[in-house]
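These notes concern the structure reproduced below.
The values are calculated or read from the model by the stated rules, or taken from the named source; none is laboratory data. As the structure is a prediction and not an experimental result, all values here were calculated from the model. So basically every Cβ, Gly included, is an ideal-geometry build from the backbone, and we count neighbours across all protein chains shown. Quick note on the areas: whole protein, heavy atoms, side chains included, nothing else; ligands and nucleic acids left out. Shrake-Rupley method; radii C 1.70, N 1.55, O 1.52, S 1.80 Å.
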Amino acid sequence: MVNYTQPTIEQKYNLKHNMKTRCYNANYHKIRPDYEGCSICDEWLEDKKSFYEWVDHNYYWIKGEPSVELDKDILVPGNKVYSPDTCIFVPKRINDLFVHIHGMKKNGLPVGVIYSEKTGKYKACIRKSYDNKDGKKKNTCLGHYDTPQEAYEVYKHHKTAEIVYIADKYKDVIPDKLYQAMMNWKFDEYRF
């Protein structure tokens with residue numbers, strides 16, 4: 001059962017402030033260029049009361065977890081607009097699953113694929129979405145492949161399985177539309 005609750009005024013203010021920073025702060029975009037081009041719908045941008053009311057109806061907590069985070073692109077993959085129809089609160093563990101999950105890297109390879117000069121092969125790698133004992137996130141190699149396509153297919157398979165596993169783990173404490181979005185997640189298709 002989802003434990004909906006109303007956050008404090010300070011929490012609501014911080015949610016709005018952080019959302020605006022992610023969308024409109026050029027210095028933040030230098031650190032996180034993936035937020036360039038993001039925006040806030042007119043309803044929320046022009047009327048903070050509307051945003052705060054949406055937060056009051058959608059915010060929840062999970063026992064033993066840090067507070068939930070505002071997400072704009074799990075319900076609508078690739079979305080760049082914060083709005084009542086595209087946003088949802090998610091536990092940090094789930095939000096971390098979707099950080100840098102797809103797209104092309106500067107070297108032309110899709111996320112999850114690394115070329116190894118040492119072997120002359122492509123590695124499928126999955127980034128652990130939880131901290132290790134040393135506090136650092138690290139990649140786990142899923143094998144070496146002759147082509148980037150083969151490596152990407154292995155990456156997608158493992159990442160999809162991880163998403164389904166975590167969705168099932170949280171099924172009873174997250175909103176159903178978040179659970180359904182995770183269960184139906186589809187990866188971008190690339191032409192190599």
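Tabulated data for the structure shown
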| quantity | calculated |
| --- | --- |
| Apportionment of accessible area to carbon and sulfur, the chain, percent (1.4 Å) | 50 |
| Sparse-neighbour loop sites [trypsin sites (Lys or Arg not before Pro); the stretch 133-182; at most 16 other C-beta within 10 Å; DSSP] | LYS133, LYS136, LYS137, LYS138, LYS171 |
| Cut-off under 5 Å, modelled amide H: who pairs with ILE40 long-range | TYR82 |
| Residue-normalised accessible area of the chain, given per residue in Å² at a 1.4 Å probe | 60 |
| Cβ-derived FRET efficiency at R0 30 Å, TYR115 paired with ALA161, nearest 0.05 | 0.80 |
| Calculated FRET efficiency for the pair LYS138/TRP54, C-beta based, R₀ 30 Å, to 0.05 | 0.25 |
| The stretch 82-130 shape via C-alpha gyration tensor axes, a/c threshold 1.5 | oblate |
| Contour excess over end-to-end distance, with Cα ends at GLU69 and HIS100 and 0.36 nm allotted per residue | 9.5 nm |
| Pairwise Cα inverse-distance average, inverted: Kirkwood Rh of the stretch 1-86 (Å) | 13.8 |
| Long-range HN-HN contacts of LYS121 with modeled amide H, under 5 Å | SER116 |
| Tail weight of P(r) past 28 Å, computed on alpha-carbon pairs of the chain, percent | 33 |
| DSSP H segments from the chain that extend 20 Å or more along their own axis, Cα-based, with Kyte-Doolittle mean of -1.0 or above | 148-170 |
